[in-house]
Every structure is written in C-alpha cells, then in structure tokens.
Amino acid sequence: MGREFIGESSGGQDPEADNLEMELAIKYIKQECGEPPRGVDVEVTREDHELGSYPVISVVWDDFETEYPSDYIGKCIEAFERFDTPAEIHERYRELFEIQREIQKLFERY
C-alpha cells in the first residue's frame, strides 16, 4: 500500500475536534479534486514518531492496482492548502492586531 502525506490538523488539545477537522478537510479535498483514480483514496492515516503516532491526511493507493498517482497527489496538496490557509491568515491578523494594540498602549502612556 502506497501512502503520501497531504496534511495534518491544526493540533488542538481536543483529539475529537482534530478528527472532525480532518474529516471535513478530506470531504473538501474530495469535492475539489473530483473522483480519485482507480485504487486511490484520501483518508486519515497514522504518522509515527519517537513518542508514538498521530493522525494525518494521506493519499493512499494499492501498489498492485495503480502507479504512483502524482497528479492526484498534487491536486490534493493544493486543495488542502486552500482549506488550511484561512486559519493561518486569521492567526497572523490576530497577532498583528495584538501588536497594534500594544503599540497603541505605548503611545497612550507618553
């Protein structure tokens, strides 16, 4: 079975919420990328590391049924980035607004 990493959840403290976020991302990816090639799917898999494992989104395929699905993997990566980007943009703006508030406080003191 072949597998290619696509993305992971934002890593909150609630595993159930992370699983729901990944399932939503998978639905979005499948909607954006269309029907996968025969023997290929997008699903939650486990990524191992020295402290255990954690869930990630991967494109998986049957090596005996299909070749490496590079085009579909590329589409899935792009779709996941579109799904995931709004949270990153929101976080950056939140940080910028916090910095702006701190600067305003400094100006108000003097």
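Couple of notes before you dig in:
- One residue stands out in the range 65-95 among those that are in contact (Cβ under 8 Å) with a residue 12 or more places away in the chain and not in a helix (DSSP H, G or I): the one that is nearest to Gly2 (Cα to Cα), namely Tyr68.
- When the range 32-60 is limited to residues that are out of contact with any helix residue (DSSP H, G or I) (no Cβ under 9 Å at 6 or more places or on another chain) and among the hydrophobic types (A, V, I, L, M, F, W, C), the one that is nearest to Ile6 (Cα to Cα) turns out to be Val60.
- Any hit, the range 42-52, residues being surrounded by 15 or more Cβ atoms within 10 Å (Cβ to Cβ), hydroxyl-bearing (Ser, Thr, Tyr) and at pLDDT 95 or above: no
- Single residue of the range 3-21 satisfying the filter (in contact with an Asp or Glu (Cβ under 8 Å, 6 or more places away or on another chain) and buried (at least 18 other Cβ atoms within 10 Å of the Cβ)) that is nearest to Ile77 (Cα to Cα): Gly7
- Which numbered condition Glu91 misses (of (1) over 13 Å from the mean Cα position of the chain (by Cα); (2) surrounded by 11 or more Cβ atoms within 10 Å (Cβ to Cβ); (3) at pLDDT 90 or above): (3)
- Residues of the range 37-55 satisfying the condition of being part of a strand (DSSP E or B) and more than 21 Å from Asp71 (Cβ to Cβ): Val44, Arg46, Glu47, Asp48, His49, Gly52, Ser53, Tyr54, Pro55
- Selection count, the range 1-20, where residues are outside any loop (DSSP other than H, G, I, E, B), acidic (Asp, Glu) and within 15 Å of the chain's Cα centre (by Cα): 2
- Residues (under 21 Å from Tyr68 (Cβ atoms) and exposed (fewer than 14 other Cβ atoms within 10 Å of the Cβ)) located in the range 22-36: Gly34, Glu35
The values are calculated or read from the model by the stated rules, or taken from the named source; none is laboratory data. Only a predicted model underlies this, so the values are computations on that prediction, with no experimental measurement involved. Ideal geometry is used to build each Cβ from the backbone, glycine not excepted, and the neighbour counts take in all protein chains shown.
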